[in-house]
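Engineer: For reference, the structure I am asking about is given below.
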Amino acid sequence: MRQAYPPPGSILPPMGPIVVATGNPHKVEELRAILGPLGIELLSLAEAGDTGPEPDEPGSTFEENAALKALAYADRTGLLCLADDSGLEVDALAGAPGVISARYHSDGRETDLPRAERDRLNNQRLLRELRDVPPERRGARFVCAMALAGPPPSRGRGLSGPVSAPPPLAKRWLTPAGLHTRTSDLLPHWEHGGSTYFLTFCVRSGSLTEAERAIVLAASMHWHQLRVRVHLVVVMPDHVHMIVTPLRATNDEWVSIPWLMQSVKGFTARKINALRNTSGPFWQDEYFDRIIRSADEYAEIVEYTGMNPIRAGLVDDWRKYPFMAGEEIEERERRRRGLNGPAPRDQGPSPTNEGRNPFEKSACGLVAVVRGTFEGRIGIPGQVPRGSNGFGYDPLFLVAPDFTRTSAELPPEEKNRVSHRGNAARALAAAISELLRSGA
């Protein structure tokens, strides 16, 4: 499960209704069966009064498209919104059809063809692309990404109250503007109000599991746009890099880096110790900090930080690393898709509170993004197509681990239990449960 910021307890108030961004009543009922036991009311788009067009989905991943759709509907309805994007990934085709699964026959272009004809042409192309691929290399999976997003505070009909500003900080956690200050423990730490910093802190021993890295990522984004701008955070198995600019707390004082480190390290140490059923210090006492003094230096540090997971052999592309977030990631994706041109911060770090949030229309932003999969392989002509309990690629998809039945041959109850959408919904239910437990 990949959970996006804000983390538990930050911006999400007690939940009101959640709009399910679909016109499919069966999908709404399926989600009600999974999320209903949490005491959450789900509304269809019609019940929420939304009759507008479906937002565009220009993303290159299922997660991006689900997030963009959830944010758009949250903005339109003023309610928390759940949206999903799904499709088929085939290993031998480097993950294709992927996000263009529904329009594979036309390379992603919209057509006016009826659904049945579109499915026939998609399946025809998929089998043609795989005609020389042996069965053992036809591994595939259905993928469903689900995103939960909140509306702007001014439109929050579904929230129990407006999103409030964080409480004021004590004087000792503020840095005077225009002055260099120095604190020291084992290492000296220099601050200059409003500067941009490169920070590193390390685990005391051992390494972080994926679940623990998700906790650290969420906590590192906790105060984004509230007390600091997080340009980039990368959570590695044994250390964390952050590039941040504190925001102005008063006319002549800025939020301090020691406060940020205490907040992130203290919160995550408690959460991870609770998960491990352990106690005591978790992070090394000290952290490393460096004031970034030029645009060139900033660009160099962003490149160095973003390359960490690749150098460590964890991924071959930074977009595949799930424990990385911040403005730089979001803005690079926007520029890659040709949205809105370059951001002002491309000129280098700025010692001001100004800066564009790529999701500025939805101040509550993303609450959680999760993924569910359904594993199998694509059958060989003659074996497939088979079955009538499905559509799209279902008649071609032999279900793991025995590969004897297609997805379209599964009884509806069994299919709902093992499907990518059901698995994503259960992951989202777990994420929401954690938010509700931790959000007081």
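What follows draws every value from the coordinates through simple rules; no lab data is involved. In this text, all values refer to a predicted model and were calculated from it rather than measured experimentally. Counting neighbours? That spans all protein chains shown, and the Cβs are built from the backbone with ideal geometry, glycine included.
Engineer: Using alpha-carbon positions, what is the distance between the centroids of the stretch 194-229 and the stretch 395-413, in Å?
Structural biologist: The distance from the Cα centre of the stretch 194-229 to that of the stretch 395-413 comes to 42 Å.
Engineer: Give me S256, S220, S60, S44 sorted ascending by neighbouring Cβ count inside 10 Å, so fewest comes first.
Structural biologist: Placing the least packed residue first, the sequence is S60, S44, S256, S220.
Engineer: Between L113 and D56, what's the calculated FRET efficiency when r is the beta-carbon distance and R0 is 22 Å? Round to 0.05.
Structural biologist: FRET efficiency, L113 to D56: 0.65.
Engineer: Pop out the Kirkwood hydrodynamic radius of the stretch 184-288 from its pairwise C-alpha distances, inverse of mean 1/r, in Å to one decimal.
Structural biologist: Numbers: mean 1/r = 0.0703 Å⁻¹.
Computed over Cα pairs of the stretch 184-288, the Kirkwood hydrodynamic radius comes out at 14.2 Å.
Engineer: Beta carbons within 10 angstrom, averaged per residue: use that to sort the peptides 114-120, 195-201, highest first.
Structural biologist: For the peptides 114-120, 195-201, the packing ranking is 195-201, 114-120.
Engineer: Quick one: Cα centre-to-centre distance for the stretch 105-128 and the stretch 294-315, in angstrom?
Structural biologist: 40
Engineer: Exposure proxy check: V28, V233 ranked by fewest other beta carbons within 10 Å?
Structural biologist: Values: V28 20, V233 26.
Going from least to most buried by this count: V28, V233.
Engineer: Further question: For the cross-link pairs K271/K415; K265/K320; K320/K415, which exceed 32 Å when the distance is taken from alpha carbon to alpha carbon? Write down the numbers at each step before the final one.
Structural biologist: Working: K271/K415 35 Å; K265/K320 25 Å; K320/K415 28 Å.
Correct reply: K271/K415.
Engineer: Answer with one residue from Q262, N273, W223: the one whose Cα lies farthest towards the positive end of the charge dipole of the stretch 192-278, charges on Cβ with Lys, Arg +1 and Asp, Glu -1.
Structural biologist: N273
Engineer: Return C202, C81 ranked ascending by Cβ neighbour count within 10 Å, so the fewest neighbours appear first.
Structural biologist: Final ranking by Cβ density, sparse to dense: C202, C81.
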